[in-house]
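Student: Pasting a structure here, questions to come.
Every read-out reported here was derived from the displayed coordinates using simple, explicitly stated rules and does not represent laboratory data. Bear in mind the structure is a predicted one, so any value in this text is a computation, not a measurement. No Cβ is skipped: glycine too gets one built from the backbone with ideal geometry, and neighbour counts run over all protein chains shown.
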Amino acid sequence: MNLSADAVKFPLGSIVYRKTIPDVAGMVTGITFRPTGVIYICAFSDTEGETDCYDIELTTEKNFSLSEI
């Protein structure tokens, strides 16, 4: 897998929503490159601390529909 800055879908500071909990906003606070892909470290308003997420779990659309998966 060729990982580079071009592989980043959500830059630092992006406001994102989890597809499984679309009403809760979060912010990308870190990015980690792993052999399995890019991991986004996010701080969400409903949890304490930070959460690791893959890009498939995130969206920038607040009104994301689970039927779009």
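Student: What percentages, rounded to whole numbers, describe P(r) for the range 15-59 computed over all alpha carbon pairs with 5 Å bin width beginning at zero?
Tutor: P(r) for the range 15-59, in whole percents per bin: 5, 25, 36, 22, 10, 3, 0.
Student: In addition: Starting from the 7 Å offset along Cα-to-Cβ, what nm value, one decimal, do you get for the label separation of Glu48 and Met27?
Tutor: Spacing of the two 7 Å Cα→Cβ label points: 2.0 nm.
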